[in-house]
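Can you keep this structure in mind? I'll have questions shortly.
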Amino acid sequence: MTDLKNPLDLYKHLRKSNCGECRVPSCMAFAVAVIQGQKKLDSCPYLDQETLAALGGRVAQRKSMEEDQAASL
């Protein structure tokens, strides 16, 4: 299985209800936050344990702009 690098790849697995229970206004924003390392996948109360286990190790977190800048300097 390949890593989930794109928020859309993660979004496919979400409920898409935009419930806000994860403290993010939409499921797409949640997917972006997870990829950026700002949220944990288990912050979504609607992902079951099986899905969390399957996706958990596949999320490739992006580096922040600050980390990219520091690495290039």
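The values are calculated or read from the model by the stated rules, or taken from the named source; none is laboratory data. Predicted, not measured: the structure shown is a model, and the values here were computed from it. Quick reminder, even Gly has a Cβ in these numbers, built from the backbone with ideal geometry, and neighbours come from all protein chains shown. Accessible surface is based on the protein model in full, side chains and every heavy atom, while ligands, DNA and RNA are left aside. Shrake-Rupley method; radii C 1.70, N 1.55, O 1.52, S 1.80 Å.
Being without any contact (Cβ under 8 Å) to a residue 12 or more places away in the chain and either touching a strand residue (DSSP E or B) at 6+ places or on another chain (Cβ under 8 Å) or not aliphatic (A, V, I, L, M) (or both) is the filter here, so list the residues in the stretch 10-41 that pass it. Don't jump to the end; show me each part of the working.
Step one: list which residues in the stretch 10-41 are without any contact (Cβ under 8 Å) to a residue 12 or more places away in the chain, which gives 12, 16, 18, 20, 25-26, 29, 33, 38, 40.
Matches in the stretch 10-41: Lys12, Lys16, Asn18, Gly20, Pro25, Ser26, Gln38, Lys40.
Looking only at the stretch 19-34, count every residue that is of a type outside the set (A, V, I, L, M) and either surrounded by 14 or more Cβ atoms within 10 Å (Cβ to Cβ) or under 9 Å from the mean Cα position of the chain (by Cα) (or both) and tell me the total.
Residues that pass the stated criteria total 5.
Report, by residue number, each residue of the stretch 17-39 that is over 17 Å from Lys5 (Cβ atoms) and assigned to a loop (DSSP other than H, G, I, E, B).
Across the stretch 17-39, the qualifying residues are Ser17, Asn18, Cys19, Gly20, Glu21, Cys22, Arg23, Val24, Pro25, Ser26.
Please go through the stretch 46-73 and pick out each residue that is at pLDDT below 85, out of contact with any strand residue (DSSP E or B) (no Cβ under 7 Å at 6 or more places or on another chain) and either outside any helix (DSSP H, G or I) or on the phi > 0 side of the Ramachandran plot (or both).
Gly57, Gln61, Arg62, Lys63, Ser64, Leu73
Within the stretch 35-50, can you find the residues that are open to solvent by less than 40 Å² (accessible area, probe 1.4 Å) and within 13 Å of His13 (Cα to Cα)?
Answer for the stretch 35-50, where residues must be open to solvent by less than 40 Å² (accessible area, probe 1.4 Å) and within 13 Å of His13 (Cα to Cα): Leu41, Cys44, Leu47.
Return yes or no: is Leu10 surrounded by 15 or more Cβ atoms within 10 Å (Cβ to Cβ), modelled with pLDDT of 90 or more and assigned to a loop (DSSP other than H, G, I, E, B)?
So Leu10 does not fit the description; no.
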